[in-house]
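Structure, as structure tokens:
The values are calculated or read from the model by the stated rules, or taken from the named source; none is laboratory data. Predicted model, so just to flag it, every value in this text is computed and none were measured. Because the Cβ atoms are built from the backbone with ideal geometry, glycine has one as well, and the counts that use them run over all protein chains shown. When the accessible area is computed, the model is the full protein with side chains, heavy atoms only, and any ligands, DNA or RNA have been set aside. Shrake-Rupley method; radii C 1.70, N 1.55, O 1.52, S 1.80 Å.
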Amino acid sequence: MSLLSVAGVTKRFGGVVANQNITLEVAAGELVGIIGPNGAGKSTLFDVITGFYRPDSGEVRLEGRHLTGLRPDQVSRLGVARTFQKLRPFSGMTVVENVMVGAFQKHPDPGRARARAMQILDRVGLAHMAKAHARALSTGQRKRLELARALATEPRLLLLDEVTGGVDQGTIPGLIRLVRELHEGGVTLVVIEHNVRVIMAIARRIVALHVGEVIADGPPEAVMRDRRLIETYLGQAYARE
Ligand code: ADP
Ligand code: MG
């Protein structure tokens, strides 16, 4: 059975069809990349999976169990964590306190939650910033903080929305390495990534969205040869670099 199963999901905002009949299966242990131009519906798909939006039709399941209709905190408790494209740390709190917010889900005792948060900060390379205020972090460090907060819920499925978006070029290889390490550590990952070179480097399967629809799903080499994808997206993406 798939870990994640998205079946025929459609999500509209007024007249805009952000997700159109999306079907997607993710097996435990996979690292799946999601690509597509701005507005393709990538973030909306994460919002639907994690309970921030209810789809107009279709279903989302985790190991066969319905997620559709559950609230974000309920989905999180079932083992699905996400990061946000627009970073939203609690900027008045310290780095370790931000991660404790995630850790409390499994460890209600503050001492345990803090210890767990420290372990995770160490894992993402932020232990030295534990006592700093979140607002003091660079963009790359904030991405790591988002990851740490998501990891602190001890997810089976982790959804990353543009983890390298908006960071400077020099910061990207370290983030890629971290994503790979998390995957090797046993977390199933679905990664939205704008940068085609980054996604080619990490994912063994790529799903391409275009105007809310899945237009390609397969190994990177095959997906990158897809005519429709080249015409709609890759041409632009490479032209920009
Ligand atoms: P992507 O992440 O691929 O860039 P999004 O999922 O953010 O795309 O957006 C898909 C479409 O849905 C876009 O046309 C966007 O403007 C629209 N959309 C997303 N969220 C909302 C919302 N909360 N209200 C209205 N329209 C939205
Ligand atoms: Mg997005």
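Observations, loosely collected:
- Förster-model FRET efficiency, 45 Å R0, residue 138 and residue 57, C-beta, rounded to 0.05: 0.60
- Per-residue extension of 0.36 nm, minus the Cα-Cα distance of residue 77 and residue 128, leaves a gain of 15.5 nm for this segment.
- Per residue, in Å², the accessible surface of the chain once ligands and nucleic acids are set aside, probe 1.4 Å: 46
- Using a simple spin-label model with pseudo-atoms 7 Å out from Cα toward Cβ, residue 231 and residue 180 lie 3.6 nm apart.
- In the range 5-92, the GluC sites (Glu not before Pro) that fall in loop regions by DSSP, at most 16 other Cβ within 10 Å: 63
- The chain, helix-only ellipticity at 222 nm - DSSP H runs n ≥ 4, -39,500 (n - 2.57), divided by all residues, nearest 500: -9500 deg cm²/dmol
- Of the solvent-accessible surface of the range 175-227, computed with a 1.4 Å probe and all protein chains present, 47% belongs to carbon and sulfur.
- Rough spin-label spacing in nm, given labels placed 7 Å along Cα→Cβ, for residue 90 and residue 16: 3.0
- Modelled spin labels at residue 109 and residue 65, positioned 7 Å past Cα toward Cβ, are 2.5 nm from each other.
- Charge sum, other residues only, whose C-beta stays under 15 Å from residue 210's C-beta, Lys/Arg counted +1 and Asp/Glu -1: -1
- Placing R0 at 51 angstrom, the Cβ-Cβ distance between residue 119 and residue 213 gives a FRET efficiency of 0.80 after rounding to 0.05.
- Neighbour net charge for residue 145 - beta-carbon separation under 12 angstrom, K R +1, D E -1: +4
- Dipole magnitude of the range 113-241 about its Cα centre (Cβ charges: Lys, Arg +1; Asp, Glu -1), debye to nearest 20: 500
- Pairs from the table (11/86; 42/106; 11/143; 42/86) lying more than 23 angstrom apart at Cα are 42/106; 11/143.
- DSSP beta bridges confined to the chain are antiparallel in about 55 percent of cases.
- Cubic angstrom per residue, convex hull over Cα atoms of the chain: 123
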